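Taking it in order: structure first as structure tokens, then the write-up.
The values are calculated or read from the model by the stated rules, or taken from the named source; none is laboratory data. Model, not experiment: these values are computed from the prediction. When we count neighbours, we look across all protein chains shown, and the Cβ atoms used for this are built from the backbone with ideal geometry, even at glycine.
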């Protein structure tokens with residue numbers, strides 16, 4: 001399998017352009033037997049940057065450790081030392097690209113590569129006369145700063161974030177409610193018409209995070225994220241029959257795979273789970289339109305509902 005070091009080297013060697021083709025080609029060359037897909041790009045986020053002087057020369061890569069180290073974290077001393085320095089704080093805007101490659105037949109048998117596309121820009125003065133911060137926290141991340149005209153600090157760049165062997169990571173994870181729900185989601189995919197026709201990693205990625213529980217044990221959460229830039233609303237569950245059957249078929253065609261509506265219902269907030277009851281009532285009557293394998297998933301869900 002491709003290594004973290006190889007991915008880091010690819011990201012450092014390729015300059016972002018109008019599309020990701022050069023980077024994808026570089027990574028694909030390192031794993032020629034596992035077709036790689038760019039399935040999702042999530043932008044619009046930013047994080048704290050570093051510190052530069054008035055000539056845009058680098059003072060610190062990251063503001064937080066720099067402030068903590070300066071003057072032993074003494075705010076008054078920091079203000080006295082740097083009030084006239086003209087230092088500027090930067091902000092990093094980013095887009096996270098998700099790449100996936102199947103490495104087996106099970107829904108969870110895939111690797112997920114996360115790469116950030118970053119651009120650092122001038123944001124605000126570090127210190128403003130007559131408006132000095134009252135705490136280190138306010139200095140680092142003020143609520144209403146005096147913003148400067150945005151100017152880039154160097155060219156945009158790719159940064160490797162992480163590589164996840166999903167099946168292995170889930171096998172290693174300590175069981176908790178969210179992980180068990182995800183395992184059910186994956187099992188449902190594999191047993192449904194969706195899993196019969198397409199790979200889960202073509203349509204979903206996993207947002208994984210670790211946290212410490214109240215006993216200090218590292219736990220994992222993993223939220224499925226659909227890879228569609230615009231998700232159509234699910235059909236309403238008010239009435240059944242031909243109307244719902246046609247609406248579900250249309251929904252599946254929009255997303256490009258069968259039984260899509262069920263997985264979107266489980267994986268997106270604000271969904272109306274009554275839709276499942278409507279479909280089950282149709283099939284318990286005289287109107288059937290789902291394959292037996294998909295109907296079995298709904299029956300199992302009705303006995304023990306869950307969401308992810």
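Only residues that are at pLDDT 95 or above and in contact with a helix residue (DSSP H, G or I) (Cβ under 8 Å, 6 or more places away or on another chain) were counted across the range 171-189, and they come to 6. Looking across 88, 113, one residue alone is crowded, with 19+ Cβ neighbours inside 10 Å and under 24 Å from residue 203 (Cβ atoms). It is 113. For the residues 305, 258, 235, the requirement of being within 30 Å of residue 97 (Cβ to Cβ), over 21 Å from the mean Cα position of the chain (by Cα) and touching a residue at least 24 places away in the same chain (Cβ under 8 Å) singles out 258.
Would a scan of the range 158-170 turn up a residue that is touching a strand residue (DSSP E or B) at 6+ places or on another chain (Cβ under 7 Å) and over 30 Å from residue 2 (Cβ atoms)? So far as the range 158-170 goes, no, none of its residues is touching a strand residue (DSSP E or B) at 6+ places or on another chain (Cβ under 7 Å) and over 30 Å from residue 2 (Cβ atoms).
So how many residues does the range 160-179 have that are over 30 Å from residue 26 (Cβ atoms) and either surrounded by 17 or more Cβ atoms within 10 Å (Cβ to Cβ) or in contact (Cβ under 8 Å) with a residue 12 or more places away in the chain (or both)? Looking only at that region, the number is 5.
Under the condition of being within 21 Å of the chain's Cα centre (by Cα) and surrounded by fewer than 18 Cβ atoms within 10 Å (Cβ to Cβ), the residues counted in the range 17-27 number 2.
Can you pull out the helices (runs of 4 or more DSSP H) entirely within the range 256-308 that have at least 3 residues that are closer than 13 Å to residue 234 by Cα? Fully inside the range 256-308 and qualifying: 260-267, 274-284.
Within the range 63-85, how many residues turn out to be out of contact with any strand residue (DSSP E or B) (no Cβ under 8 Å at 6 or more places or on another chain) and surrounded by 19 or more Cβ atoms within 10 Å (Cβ to Cβ)?
2
When residues in the range 28-58 are screened for being surrounded by fewer than 17 Cβ atoms within 10 Å (Cβ to Cβ) and farther than 26 Å from residue 98 by Cα, 6 of them pass.
Residue-wise test of (1) over 19 Å from residue 287 (Cα atoms); (2) surrounded by 18 or more Cβ atoms within 10 Å (Cβ to Cβ); (3) modelled with pLDDT under 95; (4) not assigned by TED's automatic domain parsing to the domain that holds residue 181.
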{"position": "232", "(1), (2), (3), (4)": "yes, no, yes, no"}
{"position": "236", "(1), (2), (3), (4)": "no, no, yes, no"}
{"position": "243", "(1), (2), (3), (4)": "no, no, yes, no"}
{"position": "258", "(1), (2), (3), (4)": "no, yes, no, no"}
{"position": "276", "(1), (2), (3), (4)": "no, yes, yes, no"}
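Residue 96 passes every criterion in (1) surrounded by 15 or more Cβ atoms within 10 Å (Cβ to Cβ); (2) touching a helix residue (DSSP H, G or I) at 6+ places or on another chain (Cβ under 6 Å) apart from (2).
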